[in-house]
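Since the structure comes first, as structure tokens, the remarks are kept for the end.
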Amino acid sequence: MDSRERARLTRGQVLRTISGAGLGHVGGDFSVTDILAVLFTDVLRFDPANPNWPERDRFVLSKGHAAVSLYTTLAMSGYFELEELDSFAAEQSMLNGHPARAKVPGVETSTGPLGHGLPVGVGMAVGARIRGEQWKTFVVTGDGELQEGSNWEAAMFAGHRELGNLTLIVDRNRLQQGARTEETNALDPLDEKFDAFGWEVKQIDGHDHDELRSALMGTHAKPLVIIANTTKGRGVSFMEDLAVWHHKVPSQEQVDQGLEEIGTHS
Amino acid sequence: MTDCRQPFADTLIELARADPRIVAVCNDSVGSSNLGAFQQEFPDRLVNVGIAEQNMVGVGAGLANAGLVPFVCGASPFITGRALEQVKVDVAYNRSHVVLCGMSPGFAYGELGATHHSIEDLAWLRAIDGLDVVVPADARQTSAAVRWAAAHDGPVFLRISRSPVPELPTDHPTKFHPGTSQVLRTGAAATIIGTGTMVWRALEAAEILADEGIETTVVNMASIAPLDEATIVRAAQETPLLVTVEESVPRGGLGGAVAEVTAHHAPVRMRMLGTDTFAPTGSVEQLTRHFGLDAESIATTVRAGLA
């Protein structure tokens, strides 16, 4: 299955899972879907039968509220059965509203409160260096999340250590929970900020799989940030670029329309 | 008298020589965490993140994920208070084998003031599921706790005192066992339960009381979580008064922990000594007296409790 097909199936599954559970963060799930699809199809080295394989690449979804996209991706990658997704948010399910390392195979670190993923990812990258190992670390943050100061502590240290084995992808959908990032606490010029912190910066269309692949597969001497310009709610016309779809649950009618637009009506 | 940061550092270096997975992480605290010798011997295994505690604890969790055994060191008020959510999520909720080392806790920073005192740490950390909280009382126990923490596959907080303590007059085991305590002397009048820097002061108080014919039991409660409930219940059943002594806030600290056990299993009269307010300006000795934690004041509390 290529990354585009995986992304299409992921979006359909996310919509069904959130509809079934009656909760979720569909807007952010859809903005990050293509990033996850390319990473898990073409970039990351991992072994779902041995989730703690020491030489695996590390992947951290810092925007833990996009858990359903991650869970779907992990299931499609073989970490657990797709049927497990039906238990999302159910009593005693391993699939919380936010991913927990101790519960879900393939989840490297628990996330949910924002600003946690990048520091942990920096620690992973430093650890690989200390051990003299070649595996790489990839972190996805939201953009609103970059208002958390812990990210900049980590970004400064990654730049200082010239962590060329670390890649950060910012899901730049320009919307946070309540409003646009630039109206809330502006992030731009985001590229200049990371450049000033000692990072290599790339700006791409975060829904263009060829651009994603090309940006993710190169080598770099410094830590690399890929500012992936995305659309919240991408793939379902009435959800796109609207803050209200941060965690609104679609009606059955909306699910049906969404599945039709995505092309996964089953 | 020993500053426990020294046996901490000596033991860490000894372990690091034998185990390449052991690394140290700090927040520009090479000196105050006593990591100078470690840095000299293992320059590539000291990760100094600068003045950034949230990142420091997150980095520690990442290093553990990479297969290393990080000892994450910083002044106790900052590694706990500043990075509490990282301690909760990145370390404890992840079940990461990270050893958090709170250096110079309590009011060891004396005149520097309440910003630099770490008196809330036990209450904060004791509430976190799965995090073992250990407060060694002397040099030997510090070494034993460091060895245990390096081998224990789970999250640990070690509270490493700076205020000098004597070697306790006991043959307590060279191996540390979480959830256990040591009974350092026995007496039927009352039980004094101390932790960390307060244990030797509790022993001195027991001497004063013994001279008056009041024989007390003294317990070194180094393992705050998990707690040695059996010893507490026995003390509550065998002596009519329990006095807890700690260099921290009793609300949620050692006092609160012991009271939870007695309330459930063996209600008993209790007194809880500790730092119940932000400290006024003063040296360690002055603050010890201010909070009624010197031997004479502990003895006074026991007498009053028995009256």
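Observations, loosely collected:
- If the condition is being buried (at least 24 other Cβ atoms within 10 Å of the Cβ) and in a helix (DSSP H, G or I), then the stretch B:210-232 contributes only B:ILE232.
- The set of residues from the stretch B:52-74 being more than 7 Å from chain A (Cβ to nearest Cβ) and surrounded by fewer than 24 Cβ atoms within 10 Å (Cβ to Cβ) comprises just one member, B:VAL69.
- Considering the stretch B:95-201, the qualifying strands (runs of 3 or more DSSP E), each wholly inside and each with 2 or more residues that are over 16 Å from the mean Cα position of the chain (by Cα) and not charged (D, E, K, R), run over B:182-185, B:190-194.
- With respect to the stated conditions, A:LEU168 is under 17 Å from A:GLY115 (Cα atoms), within 14 Å of chain B (Cβ to nearest Cβ) and out of contact with any helix residue (DSSP H, G or I) (no Cβ under 6 Å at 6 or more places or on another chain).
- Annotation note: of B:LEU112, B:LEU122, the sole residue that is crowded, with 24+ Cβ neighbours inside 10 Å and either hydrophobic (A, V, I, L, M, F, W, C) or more than 7 Å from every other protein chain (Cβ to nearest Cβ) (or both) is B:LEU122.
- Residue list for the stretch B:11-37, filter: outside any loop (DSSP other than H, G, I, E, B) and within 14 Å of another protein chain (Cβ to nearest Cβ): B:ALA16, B:ILE22, B:VAL23, B:ALA24, B:VAL25, B:CYS26
- Of the listed requirements (1) assigned to a helix (DSSP H, G or I); (2) at the interface with chain A (Cβ under 9 Å from one of its Cβ atoms), B:ILE79 misses just one: (2).
- Residue ID - farthest from the other protein chains (Cβ to nearest Cβ), chosen from residues in the stretch A:119-134 that are farther than 11 Å from A:LEU163 by Cβ and in contact with a strand residue (DSSP E or B) (Cβ under 7 Å, 6 or more places away or on another chain): A:ILE130
- The set of residues from the stretch A:215-243 being free of Cβ contacts under 8 Å to residues at least 12 places away in the same chain and surrounded by fewer than 13 Cβ atoms within 10 Å (Cβ to Cβ) comprises just one member, A:GLY218.
- Residue ID - surrounded by the most Cβ atoms within 10 Å (Cβ to Cβ), chosen from residues in the stretch A:135-157 that are more than 10 Å from every other protein chain (Cβ to nearest Cβ) and not aliphatic (A, V, I, L, M): A:GLY142
- Those residues of the stretch A:102-118 which are in contact with a strand residue (DSSP E or B) (Cβ under 6 Å, 6 or more places away or on another chain) and within 7 Å of another protein chain (Cβ to nearest Cβ), in sequence order: A:GLU108, A:THR109
- Restricting attention to the stretch B:234-258, the residues that are farther than 30 Å from B:LEU112 by Cα and touching a Ser or Thr at 6+ places or on another chain (Cβ under 8 Å) total 7.
- Residues that are touching a Lys or Arg at 6+ places or on another chain (Cβ under 9 Å) and hydroxyl-bearing (Ser, Thr, Tyr) within the stretch A:12-67 comprise A:SER31, A:THR33, A:THR41, listed in sequence order.
No lab work stands behind these numbers, since they all come straight from the coordinates. It should be emphasised that the depicted structure is a prediction, and the values quoted were computed from it without experimental measurement. All Cβ positions, even for glycine, are placed from backbone atoms using ideal geometry, and neighbour counts span all protein chains on display.
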